[in-house]
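**Q** Quick one: the structure is below, questions incoming.
The values are calculated or read from the model by the stated rules, or taken from the named source; none is laboratory data. Computed from a predicted model, the values in this text were never measured in an experiment. Please note: Cβ atoms are built from the backbone with ideal geometry, for glycine as well, and neighbour counts cover all protein chains shown. Heads up: the accessible areas ignore ligands, DNA and RNA and are worked out on the full protein's heavy atoms, side chains in. Shrake-Rupley method; radii C 1.70, N 1.55, O 1.52, S 1.80 Å.
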Amino acid sequence: MTAQAQAQAWEWEHGTGHMDKRRAQLNVLLLQIRDESQTRREEVESFARFCRLEPGQFTVLNVFDTPDFDVSALTGFDALFVGGSSEASVLEPDRYPFLPACQRLLRDCIRLKIPVFASCFGHQLAIMALGGTIIHDDSGFEMGTIGVSVTEAGRRDILFQDTPDPFQAVSVHRERATELPAGCTLLAYTASCTHAFRVDGAPFWTTQFHPEVSKSILIERLTVFKEKYTDGDDHLQKVLENAVETPESNRLLEKFVDRVLLGAAAAQASY
């Protein structure tokens, strides 16, 4: 991390006396792709916790309840967050009729320059919305906590520039992208897939990993969805025993709020 980057990071996090007041005034829309009631609630709480916002600052648009929506859903919000899903696939539009509306909304955010942070399923939605390709993988897929590497472009990115290389993150997915659509910059990766990118010229970031999920939340999630992701209790136990804490991944959400939503001038200069 350069001296200039260190100075910028300090200013973003310490240099604005009225930041907490502005933070309390933020209103964000969470595009949620969750059908299980416990995970619906927990996802909102997790995003709020790692953004350092209150759950009441999130309005949820759950696509299982509201599969058809348009750009007016963005009215009055400072940003859009998109979460993960253990109950849907971006590769099955006939089964999940909300997919076209989700992808249109992401393209609308790019067009309107509305800040976006999309994780896991949201990352895959963005890939598809921008003309990329997602593949399904039933063998050797990432599950648990993994090491993620930062690209050279990532070391210059407003969010990733002070993130260690590599860093630990929660990643549980059977579908992945190996290449990015045109007009996007790769920020982080593993040997098997792209893990983070930004859309060039827009305040739009995605991660295949879950910055809103910690080790403890991973344990809760995999316990609920063990039949989908594991081969039984022994497999589940092995994954959980190998799990580690993921503070640098989790901190990306707070950086997004501080540096993009509350530091718009600095963010504009970076993208």
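**Q** If I filter the range 103-139 down to residues being acidic (D, E) and assigned to a loop (DSSP other than H, G, I, E, B), which single residue comes out as modelled with the lowest pLDDT?
**A** Out of the qualifying residues, it is D138.
**Q** For the range 50-102, which positions are aliphatic (A, V, I, L, M), closer than 20 Å to A177 by Cα and part of a loop (DSSP other than H, G, I, E, B)?
**A** A88, V90, L91 - these are the residues of the range 50-102 that are aliphatic (A, V, I, L, M), closer than 20 Å to A177 by Cα and part of a loop (DSSP other than H, G, I, E, B).
**Q** Return the residues of the range 78-107 that are closer than 30 Å to R23 by Cβ and open to solvent by 50 Å² or more (accessible area, probe 1.4 Å); say none if nothing qualifies.
**A** D78, R104, R107 - these are the residues of the range 78-107 that are closer than 30 Å to R23 by Cβ and open to solvent by 50 Å² or more (accessible area, probe 1.4 Å).
**Q** Turning to a different aspect of this structure: Among the residues that make up the range 146-164, is at least one of them open to solvent by less than 30 Å² (accessible area, probe 1.4 Å), modelled with pLDDT of 95 or more, under 14 Å from A118 (Cβ atoms) and not polar (S, T, N, Q)?
**A** Checked against the condition, which is being open to solvent by less than 30 Å² (accessible area, probe 1.4 Å), modelled with pLDDT of 95 or more, under 14 Å from A118 (Cβ atoms) and not polar (S, T, N, Q), the range 146-164 yields at least one hit.
**Q** Scanning for something in a strand (DSSP E or B), touching a Ser or Thr at 6+ places or on another chain (Cβ under 9 Å), free of Cβ contacts under 8 Å to residues at least 60 places away in the same chain and among the charged types (D, E, K, R), does the range 169-176 turn up at least one residue?
**A** The answer is yes; a qualifying residue exists.
Rundown of residues vs (1) touching a Leu at 6+ places or on another chain (Cβ under 9 Å); (2) over 20 Å from R198 (Cβ atoms), yes/no style:
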site	(1), (2)
N27	no, yes
F58	yes, yes
F64	no, yes
D68	no, yes
L80	yes, no
S85	no, yes
V90	yes, no
Y96	no, yes
P100	no, yes
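**Q** Now for a separate question. Out of the residues in the range 230-271 meeting the condition of being part of a helix (DSSP H, G or I) and touching a strand residue (DSSP E or B) at 6+ places or on another chain (Cβ under 6 Å), tell me which one is modelled with the lowest pLDDT.
**A** V239
**Q** In the range 111-138, what residues are open to solvent by 40 Å² or more (accessible area, probe 1.4 Å), in contact with a Phe, Trp or Tyr (Cβ under 9 Å, 6 or more places away or on another chain) and not basic (K, R)?
**A** Listed by number, the list is empty, since nothing qualifies.
**Q** D78 - would you say it is among the charged types (D, E, K, R) and touching a strand residue (DSSP E or B) at 6+ places or on another chain (Cβ under 7 Å)?
**A** On the way: among the charged types (D, E, K, R): yes; touching a strand residue (DSSP E or B) at 6+ places or on another chain (Cβ under 7 Å): yes.
Yes, satisfied.
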